[in-house]
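Student: Please read through the structure below; I'll follow up with questions.
FYI, it's all coordinate maths here, none of it is from the lab. Worth saying up front: this structure is predicted, and the values here are computed from it rather than measured. Neighbour counts are summed over all protein chains in view; Cβ atoms, including those assigned to glycine, are modelled from backbone coordinates with ideal geometry.
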Amino acid sequence: MAPKFGTSGLRGLVTELTAPLVADHVAAFLAACPSGCGLWLGRDLRDSSPAIAEAVAAAASAAGVDVTDCGVLPTPALALAAAQAGGAAVMVTGSHIPADRNGLKFYTPAGEITKADEAAILAGLGQSGGKAGRAGRRLPDPGAGAAYARRYTDGFGPRALAGLRLGVWEHSSAARDLLAGVLAACGAEVLPLGRAETFLPVDTEAVDAATRAQLAGWAAAQGLDAIVSTDGDADRPMLADAEGRIVPGDVLGLLTARFLGAETVVTPVSSNTAIDLGGGFTVRRTRIGSPFVVAAMEAVLAADPAARVVGYEANGGFLLGFEAEGPADLLAPLMTRDSLLPVLAPLAAARAAGLELAALVGRLPPRFTASDRLQGIESGAARAFLNRLAADPTPLLAAAGLGAEVLRDETDGLRLTDAAGAILHLRPSGNAPEFRIYAEADSPAAAVEILEQALAAVARRLT
């Protein structure tokens, strides 16, 4: 698969992310988009990331742009540092996809690039004008990760998580050290778990059965109140309760929006409909991908700069669009996917209410989701299959245990609802050769059953 832009930056096979290709995209980015005071550079823990980061730095320096190298850190930490400094940023990461792939996430001083920015970058490929008159300087990291951690230790304070015993599944997350420090500074007892020496592609929307069993085993053996983790570049959270059961990312988003006192919520069409039923929010739905969420949030703020607007995705990445009150101090807006806020807020809310995390979740409207993916499905084959399915979805609905279609949404892929309110949503991934399947129902067992039956039926037809 040749490198291409998906729902979150440029992605491709490591073998195809050559230094000339990376340099071409960086040069096009710097020519097409504002870079402010310079370029801030970060990376995840993949073996391929240091070399790709060096190619990014060399290209920026050749263009006359100063580069501040922040090393390994969470994507939202890099975005925050660049925005506060008034600079652009590039994060070298493939997020949750396998280690044989990698990618670039681009930020202007205003935040994540838009789809218009993406088009301008693509139009500028192959047109770099050679070296600038002055080579850009290489500058050391001024402490971007520490500043990001202080955002939350100051905002939540030393008592927000007091009395909680929390496990941190470290694996190969770029936040593994920072995360443990923040939780401890907020009062929790922290137990590190499962540190990995090689990169693990943790997808917070498609956690396999073996990992779920491992989380449950850790929770029972260590007497934990919850287990916390993230995906590879730490812009997506993972939070499991005292039984090791994962709280879906869109449920974390709903709980976080409530905790912060948000009034308008922007979220993709794939997110749990509990937000529409009992949140008391104005809800705006978008296509899947943070650029679409950001664009919708910016439209809300353009109409009302004082709007208390937030955004989140089904993967749990949370975007804060207004200055919110934390338990101890104010939290400034951060218009990029973040993993720490949707971990801290539900845990702090549960503790403040004297509830276990599972009990807090149990107070929400009874809508439950499940999701998974078929891997190794190229986008062309996936889209052709989806087109055929759209013409007659009845056999697949029946195979998945759903009744006849009563509502269809083609905002992103094909989302079908039957008369009982059960939902089946299918779409090709925008980031990798994968086919995503989402299910929603009024019980966890029903959602899982729909998902498993749909996965089997689609696999028979598509693979």
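Student: Given points 7 Å out from each Cα along the Cα-Cβ axis, report the residue 276 to residue 4 separation in nanometres with one decimal.
Tutor: 3.0 nm
Student: Using the Karplus curve 6.51 cos²θ - 1.76 cosθ + 1.60 with θ = phi - 60°, work out ³J(HN,Hα) for each residue of the stretch 257-266 in order, rounded to whole Hz, and write x for Gly and Pro.
Tutor: 4, 5, 4, 8, x, 5, 10, 10, 10, 10
Student: Could you tell me the relative contact order of the stretch 227-280? Use alpha-carbon pairs under 8 Å, at least six residues apart, and round to a whole percent.
Tutor: 22 percent
Student: Test of understanding: what is the full-extension gain from residue 388 to residue 134, defined as 0.36 nm times their sequence separation minus their Cα-Cα distance?
Tutor: Contour length minus Cα-Cα distance gives 85.9 nm.
Student: Can I ask one more? Net charge near residue 207: determine it from the other residues with C-beta under 13 Å of the C-beta of residue 207, scoring Lys and Arg +1 and Asp and Glu -1.
Tutor: -1
Student: Provide the gained length on full extension for the span residue 283 to residue 375, in nm with one decimal, where the gain is 0.36 nm per separating residue minus the Cα-Cα distance.
Tutor: 30.0 nm
Student: Enter the Cα centre distance for the pair the stretch 417-445 and the stretch 288-310, rounded to the nearest angstrom.
Tutor: 25 Å
Student: Name the residues of the stretch 351-392 whose amide N is less than 12 Å from a point 7 angstrom out from the Cα of residue 405 along the C-beta direction?
Tutor: Taking a point 7 Å out along Cα→Cβ of residue 405, the residues of the stretch 351-392 whose backbone N falls under 12 Å are 386-392.
Student: Using 7 Å Cα-to-Cβ label points, what is the residue 420/residue 51 separation (nm, one decimal)?
Tutor: Label-label distance for residue 420 and residue 51, simple model: 5.2 nm.
Student: Defining a contact as two alpha carbons under 8 Å apart and six or more residues distant in sequence, what relative contact order in percent does the chain show?
Tutor: The value is 13 percent.
Student: Excluding residue 187 itself, what net charge comes from residues whose Cβ is under 14 Å from its Cβ, given Lys and Arg +1 and Asp and Glu -1?
Tutor: Here the charged neighbours net out to 0.
Student: If R0 is 22 Å, what FRET efficiency do you get for residue 443 and residue 353 from their C-beta distance, rounded to 0.05?
Tutor: Result of the calculation: an efficiency of 0.35.
Student: Using amide H atoms built 1.01 Å from N in the peptide plane, name the residues 5+ places from residue 6, or on other chains, whose amide H lies under 5 Å from its own.
Tutor: It is 11, by chain and number.
Student: Alpha carbon centre of the stretch 2-38 versus the stretch 191-232: separation in Å?
Tutor: Their Cα centres are 32 Å away from one another.
Student: Within a 10 angstrom radius of the beta carbon, how do 286, 394 rank from fewest other beta carbons to most?
Tutor: 394, 286
Student: Give the Debye-formula value of log10 I(q)/I(0) at each listed q (0.13, 0.17, 0.18 Å⁻¹), with one equal scatterer per alpha carbon of the stretch 160-362, two decimals each.
Tutor: Taking Cα atoms of the stretch 160-362 as identical point scatterers yields -0.66, -1.12, -1.25.
Student: Can you give the helix-only mean residue ellipticity at 222 nm for the chain, where every DSSP H stretch with n ≥ 4 adds -39500 (n - 2.57) and the sum goes over all residues, rounded to the nearest 500 deg cm²/dmol?
Tutor: -11500 deg cm²/dmol
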